[in-house]
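Please see the structure below; I have some questions.
The values are calculated or read from the model by the stated rules, or taken from the named source; none is laboratory data. Values in this document were obtained by computation on a predicted structure and should not be read as measured data. Reconstructed Cβ throughout: ideal geometry from the backbone, glycine too, with neighbour counts over all protein chains shown.
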Amino acid sequence: MEHGNKIKAILMDFNGVIINDEPIQHAAYKEIFSADGVDVTDEMYYSRLGMDDKTFVASILEEAGKPADIDRVLELTAAKTAHWRDIVSDAMPIFDGVENFVRKCAQELSLGIVSMAKREEIDFVLEKVGIADCFSVVVSADSVTICKPDPQCYRLGFRDLDLARTSQGHLPMVHDDCLVIEDSPPGVRAGRAAGLPVLAVTNTVSADQLRAAGANAVAKNLNDWFPESLRRVFV
C-alpha cells in the first residue's frame, strides 16, 4: 500500500455539520408528537442521533406504546418535514463559515454528503444556499437500509465518491484518502467502522464524547480549516 496518503475527498454529514437544525428537527418532532400526547424530551431526541426519520418515529411510537404501522410512521415523517421546511425557509440556519469551508474545499477536493436525512431535505438546503454543485455524491436515508452507527452509509459514500473521481480521470482512492466530517457519536462510529478517518465538530455534543466514539481529531469551527490544514493533520 502507498504511504503518506493525502486527503483527496471529504464525506460530510448534513444535520449538525452543514445545517444547524438539530434543535429545529427536535422542535418539529415535539410539535407533531404533542397531538398524540407524547413529549419528545431532549434525552429521547439526542439519544437517537444518527437515526433516519422512519426509524426515529417508529422508535418513539413504540416507546410510547402506540401503533407504529408504516402508514402512521410515514404520515408523521411527512408532517415533520413540512414543519421543518416552514421553519428553515424563513431563515436558513447554516453553521457560520460552513459555506466558505465547502467552497474552498471543493476547489481542491472531491466532496460528498452522507446523511440519514431525507434526500428532499438535503437537496432543498443545498440548492437554497447555492452549494449543491460542490458535491459529487449524496447518500441519504433513501439510499441505505440501516442507519448510523452502521457503516453501510459511509461504505456506500466512499464507493460512489471514488467512482465519481475515477470517472473524471483520477486514480482510485484508498480509505485514508477520504475524510469523514461528523458531529455525533453514532456518525463518528459509522465513519470509523467504514475504515475512514474522522474529523468531528463540536456542534452537537462535547469533544470528549466525540473522541470517545473514535474521532481522529476534533474541531470547533470548520471555517478554521483549509484543504492544506486537513492534509497536515490527516497524513
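Any idea how many residues of segment 212-234 are more than 22 Å from Pro151 (Cα to Cα) and either assigned to a loop (DSSP other than H, G, I, E, B) or touching a His at 6+ places or on another chain (Cβ under 9 Å) (or both)?
Summing the residues that are more than 22 Å from Pro151 (Cα to Cα) and either assigned to a loop (DSSP other than H, G, I, E, B) or touching a His at 6+ places or on another chain (Cβ under 9 Å) (or both) in segment 212-234 gives 4.
Considering only segment 27-40, state which residues are of a type outside the set (A, V, I, L, M), in a loop (DSSP other than H, G, I, E, B) and in contact with a helix residue (DSSP H, G or I) (Cβ under 9 Å, 6 or more places away or on another chain).
Hits for segment 27-40 are Asp36, Asp39.
Suppose we filter segment 206-223 for residues that are surrounded by fewer than 21 Cβ atoms within 10 Å (Cβ to Cβ) and touching a residue at least 40 places away in the same chain (Cβ under 8 Å); how many remain?
Looking only at that region, the number is 2.
Condition check: without any contact (Cβ under 8 Å) to a residue 12 or more places away in the chain, surrounded by fewer than 13 Cβ atoms within 10 Å (Cβ to Cβ), closer than 21 Å to Asn223 by Cβ and of a type outside the set (D, E, K, R). Does Ala82 satisfy that?
Judged against the criteria, Ala82 is not a match.
Identify the single condition in (1) farther than 22 Å from Asp150 by Cα; (2) modelled with pLDDT under 95; (3) not hydroxyl-bearing (Ser, Thr, Tyr) that Glu22 does not satisfy, given that it satisfies every other one.
Result: Glu22 passes all but (1).
Does Ile24 count as among the aliphatic types (A, V, I, L, M), assigned to a helix (DSSP H, G or I), under 25 Å from Arg189 (Cα atoms) and out of contact with any helix residue (DSSP H, G or I) (no Cβ under 6 Å at 6 or more places or on another chain)?
In short, no.
Any chance you could count how many residues in segment 45-99 are acidic (Asp, Glu) and over 22 Å from Thr145 (Cα atoms)?
4
Does Met44 satisfy the criteria of being among the aliphatic types (A, V, I, L, M), under 25 Å from Thr202 (Cα atoms) and outside any helix (DSSP H, G or I)?
So Met44 does not fit the description; no.
Please go through segment 85-120 and pick out each residue that is of a type in the set (D, E, K, R) and without any contact (Cβ under 8 Å) to a residue 60 or more places away in the chain.
Arg85, Asp86, Asp90, Glu99, Arg103, Arg119, Glu120 - these are the residues of segment 85-120 that are of a type in the set (D, E, K, R) and without any contact (Cβ under 8 Å) to a residue 60 or more places away in the chain.
Scanning segment 85-126 for residues that are in contact with a strand residue (DSSP E or B) (Cβ under 8 Å, 6 or more places away or on another chain) and under 22 Å from His170 (Cβ atoms), which turns out surrounded by the most Cβ atoms within 10 Å (Cβ to Cβ)?
Going through the qualifying residues, I end up with Val114.
Tell me, please, whether a residue that is acidic (Asp, Glu), under 17 Å from Phe135 (Cα atoms) and not in a loop (DSSP other than H, G, I, E, B) can be found in segment 73-84.
Scanning segment 73-84, I find no residue that is acidic (Asp, Glu), under 17 Å from Phe135 (Cα atoms) and not in a loop (DSSP other than H, G, I, E, B), so the answer is no.
Checking Val174 against (1) in contact with a strand residue (DSSP E or B) (Cβ under 9 Å, 6 or more places away or on another chain); (2) under 17 Å from Ile7 (Cβ atoms); (3) surrounded by fewer than 19 Cβ atoms within 10 Å (Cβ to Cβ); (4) of a type in the set (A, V, I, L, M), which test does it fail?
The one condition Val174 does not meet is (1).
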